[in-house]
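One structure is given here, and the rest of the page talks about it.
Just so you know, all these numbers are worked out from the coordinates, no wet-lab data involved. All values reported here derive from a predicted model rather than from experimental measurement. A quick note on method: Cβ atoms are made from the backbone with ideal geometry, for glycine too, and the neighbour counts reach across all protein chains shown.
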Amino acid sequence: MSEIADAIRKNIDSSAYEKAYLIGHDALQKSEEEREEIIAALCELTARLRADCMGMAVKKMDSGATYDSLESLLRKVNELTGQDMYGFFKTQ
């Protein structure tokens, strides 16, 4: 496992989602050889963000700054992974 992917996963585990995103974003700009592992780790981030957003929606907490920031981050990470809001990969 790459050190970058490991760092992304550690930040996901500690709920430092923005930091995980930034690590992945920066790494994708610099490293082609670890791209698949970085994307896989970022997919774990999208899954966690999606689950958190859905959990908040179920509890009728899907409005306000906390939810909006999670959804906004999910949209940014989706751009890196090529996923849509439901976790499906977009076809080219």
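Which of the listed residues, Leu22, Cys53, Ala40, is farthest toward the dipole's positive end in the chain, when Lys, Arg count +1 and Asp, Glu count -1 at the beta-carbon? About the Cα centre, the residue reaching furthest to the positive side is Cys53. Between Ala27, Ala41, Ala57, the GNM of the chain built on Cα springs shorter than 10 angstrom shows Ala57 fluctuating the most. Rounded to the nearest 10 degrees, the angle from helix 65-81 to the longest Cα principal axis of the chain is 30 degrees.
To the nearest Å, what is the center-to-center distance of segment 1-35 and segment 41-91, using C-alpha atoms only? Cα centroid to Cα centroid, the span is 17 Å. Between 0 and 90 degrees, the angle of helix 3-13 with respect to the longest Cα principal axis of the chain falls at about 10 degrees. Cross-link partners for Lys30 among the lysines, with Cα-Cα distance under 24 Å and sequence neighbours closer than 8 places in the same chain left out: Lys10, Lys19, Lys76, Lys90.
The angle between the Cα long axis of helix 17-30 and the main principal axis of the chain comes to about 30°, on a 0 to 90 degree scale.
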